[in-house]
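Report on the structure given below.
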Amino acid sequence: MSTSSLGDDVMREDWFGESLAIVVIGASGDLAKKKTYPSLFNLFLDDLLPQNTVIYGYARSAISHEDFRKKIHPYLIKGADEVTMSLADVFLEKCFYENGTGYGDFEAYDVMKSSIDSHFTGPYNKLFYFAIPPNVFAASTSAVHKVYYDPADETSFLRIIVEKPFGRDLESCKTLGKTLAQYFSEKHLFRIDHYLGKEMVQNLLVMRFGNIWFEDLFNRDRVANIILTFKEPFGTDGRGGYFDKFGIIRDIIQNHLVQVLCLLVMEPPTKVEGEGAGDH
């Protein structure tokens, strides 16, 4: 689908004409600056964000709005042309930052809510992106529920995007699922792996299910083995604490690479949208 046709479809959605607050939890981390904010900037460049959108970052680091903008600016303009560089400043005017003592700091979330409220004159949709380790998912979810969730609000939506890994093993994954379910139903929760959003990975779906030649080859009688190769031209780069706790094998192999492998070898899902689609 081209950007223009996608934009036309998005603009016909009701939410596109409404106000939107995006909150990036863990905004000072590696994932947020390298992936989340550049992705939001790309949406901005393609006019895929509502006109009345603000983006708040939340973390423990005590820095100002301006210092935060300076921190993420280089990642927005990496390899960009002059026009894109100038639009980065326009995008950053929509970006703000708040900090707290931890990810379950109710008072800090309340302060941030008041700041967000000041940008709008009426109801607004809320999108929370968890760019944080799973050990603080529960505290963050509890704070979001306490400060932002209003079950009587039928005029706007609240969504939480939970970034992998979902725990460090099966038991912690089950515990995490139960914890999230205490506060929000499945209609509020979206579990993602940002690797699956890469253009090359997205193209795997077309190659896998839309190519008759490949379809005939991808079976146990014709494939002897599959080799996954992963290379990075840099070190931990600020991810040392995260890797010490969860490990690069869990972070890369069981998540990113196995997810991509699943796209390559899985059978067509029986259901791709609607209620219960996540079970297929």
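Of all the criteria given as (1) in contact with a strand residue (DSSP E or B) (Cβ under 8 Å, 6 or more places away or on another chain); (2) assigned to a helix (DSSP H, G or I); (3) modelled with pLDDT under 90, the one not satisfied by residue 173 is (1).
Name the single residue, out of those in segment 62-113 being basic (Lys, Arg) and assigned to a loop (DSSP other than H, G, I, E, B), that is nearest to the chain's Cα centre (by Cα). Filtering first and then ranking leaves 94.
In segment 114-141, which residues are in contact with a Ser or Thr (Cβ under 9 Å, 6 or more places away or on another chain) and part of a loop (DSSP other than H, G, I, E, B)?
Here is the first cut: in segment 114-141, the residues in contact with a Ser or Thr (Cβ under 9 Å, 6 or more places away or on another chain) are 119-126, 128-132, 134-135, 137-138, 141.
Passing the criteria: 119, 120, 121, 122, 123, 124, 131, 132.
Pairs linking a residue in segment 109-127 that is within 15 Å of residue 51 (Cβ to Cβ) to a residue that is part of a loop (DSSP other than H, G, I, E, B) and open to solvent by 40 Å² or more (accessible area, probe 1.4 Å), with Cβ atoms under 9 Å and 6 or more positions apart or on different chains, are 119/52; 120/52; 122/155; 124/18; 124/52; 125/18; 125/157. Looking only at residues of segment 41-61 that are of a type in the set (Phe, Trp, Tyr) and outside any strand (DSSP E or B), we find that the one that is least open to solvent (accessible area, probe 1.4 Å) is 41. Scoring residue 145 on the criteria (1) in contact with a helix residue (DSSP H, G or I) (Cβ under 8 Å, 6 or more places away or on another chain); (2) within 29 Å of residue 248 (Cα to Cα) leaves a single failure, condition (2). Checking each residue in segment 197-222 for being surrounded by 11 or more Cβ atoms within 10 Å (Cβ to Cβ) and assigned to a loop (DSSP other than H, G, I, E, B) picks out 198, 211, 218.
Among the residues of segment 158-184, write down those that are open to solvent by 60 Å² or more (accessible area, probe 1.4 Å) and over 17 Å from the mean Cα position of the chain (by Cα).
Pass one, segment 158-184, residues open to solvent by 60 Å² or more (accessible area, probe 1.4 Å): 159, 168-171, 174-175, 178, 181-183.
Result: 168, 169, 170, 171, 174, 175, 178, 181, 182, 183.
Scanning segment 223-239 for residues that are surrounded by fewer than 11 Cβ atoms within 10 Å (Cβ to Cβ), of a type in the set (A, V, I, L, M) and touching a residue at least 24 places away in the same chain (Cβ under 8 Å) turns up just one, 226.
The values are calculated or read from the model by the stated rules, or taken from the named source; none is laboratory data. Computed from a predicted model, the values in this text were never measured in an experiment. All Cβ positions, glycine included, derive from the backbone under ideal geometry; neighbour counts span all protein chains shown. With ligands, DNA and RNA removed, areas are computed over all heavy atoms of the protein, side chains included. Shrake-Rupley method; radii C 1.70, N 1.55, O 1.52, S 1.80 Å.
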